[in-house]
C-alpha cells in the first residue's frame, strides 16, 4: 500500500460520522447496506450520508454496487487489511510479534 493511500484512508476515517458508517459496514459484512438503512440506523441525514459515503469510496474503504434501483455499500476488507498491515508492518521493533497474524485481518 502506498503512503498516499494510507494518508487518504486515515483522513477519511478521521471524522466521527465516517468512522461510524465504516464500522457499521464492517459489522454488516459482505451483505453490505443501502444508504437508507444506514441513514435510519445512524441518524445521519441522507444528503450528509451521501457526502460521507463518497469520501469513504474515494479513499478505497468502501465499495459500491448497483442492485436494481438500490446502491449497496460494503466495507472493502481487502483495503482495510492492507491499511492495518501497513500500520503494523514494523511493529515490535523488528522482533517477532506475540499477536497471531490471523487476528490482524478480517476475512469477511
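Every number in this text was worked out from the coordinates using simple rules, so none of it is lab data. Everything numeric in this text was worked out from a predicted model, so none of it was measured. Glycine also receives a Cβ, built like all others from the backbone with ideal geometry; neighbour counts cover every protein chain displayed.
Quick notes
- Residue match in the range 47-66 (condition: more than 19 Å from residue 12 (Cα to Cα) and loosely packed, with under 14 Cβ neighbours inside 10 Å): yes
- Only one of the numbered conditions (1) out of contact with any strand residue (DSSP E or B) (no Cβ under 6 Å at 6 or more places or on another chain); (2) closer than 21 Å to residue 82 by Cα is violated by residue 64, and that is (1).
- Within the range 22-46, if we keep just the residues that are under 18 Å from residue 83 (Cα atoms) and touching a residue at least 40 places away in the same chain (Cβ under 8 Å), the residue that is surrounded by the fewest Cβ atoms within 10 Å (Cβ to Cβ) turns out to be 29.
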